[in-house]
Structures are given as C-alpha cells and as structure tokens.
1. Determine the pairs where a residue that is over 24 Å from His70 (Cα atoms), located within segment 16-40, has a partner that is among the hydroxyl-bearing types (Ser, Thr, Tyr) and modelled with pLDDT of 85 or more with Cβ atoms under 9 Å apart, the partner being 6 or more residues away or on another chain.
2. Is segment 69-82 home to any residue that is within 14 Å of Lys10 (Cα to Cα) and either over 10 Å from the mean Cα position of the chain (by Cα) or among the acidic types (Asp, Glu) (or both)?
3. Name the residues in segment 84-100 that are under 30 Å from Ser18 (Cβ atoms), part of a strand (DSSP E or B) and open to solvent by 20 Å² or more (accessible area, probe 1.4 Å), would you?
Amino acid sequence: MMDDFLKPPKEYKFTILSNSIAKKKFVYRNKDKFPKYLRLDISNPNVIIMDYDQIEVPIEGAVVVRLRFHARENTSASLKFIRYDTDEVEEELIFHVSVR
C-alpha cells in the first residue's frame, strides 16, 4: 500500500436529535480512465449504508452513496472506499455526530 500518497480523510460534523435518524448523501467521483470496483466499510453499527455495500464507479463518472445515522449519544464513524483489486483505501470520510 502506498500510505505516503493517501489523501487525508475528509471530516464532517453535524448534530441530530436524540433517537432520531439523519440521512446524508456523499458523491464519490472517479477521475481515472478506468472503472473502479469498490467495497464500502463503515466502522460504526449506528450508521447504515443505504442501497449497497459495494459499488461500480464508471470511467470519469460519479456515484452517490446514501447513509443513515442513528445515535443515542455523541459518536464518530469512518467510511472507507476500498478497491477490490488492490485492497487500497481510495478515500476515507470521518463523521462526528453530536446528539442533542
């Protein structure tokens, strides 16, 4: 793995009401000249990836990933986009959820 060339994770912070569900969507863009096959790995069971856990991203295309957050207390989670062919992390998102 080429850890020296990895982008730093993107961080997102938001607040939800206690025992409520927040839905967020994120776009993964493929700027390469070949399609990518990725699996999604989430670090927290309170976050559900809606629709799928693996994606195919077309050449120079984009895919929308929808997430559902449910939390009873302040929490964090990371979402990793991992390539099937090399097991390298393409991108990582970190979510910090505050509960009111």
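The values are calculated or read from the model by the stated rules, or taken from the named source; none is laboratory data. As the structure is a computational prediction, the values presented were derived from the model and not from experiment. Virtual Cβ from ideal backbone geometry, glycine too; neighbours counted across all protein chains shown. Only protein heavy atoms, including side chains, enter the accessible area calculation; ligands, DNA and RNA are left aside. Shrake-Rupley method; radii C 1.70, N 1.55, O 1.52, S 1.80 Å.
1. Qualifying pairs under 9 Å: Lys36/Tyr28; Lys36/Tyr84; Tyr37/Tyr84; Leu38/Tyr28; Leu38/Tyr84.
2. The answer is yes; a qualifying residue exists.
3. Correct list: Glu92, Ile94, His96, Ser98, Val99.
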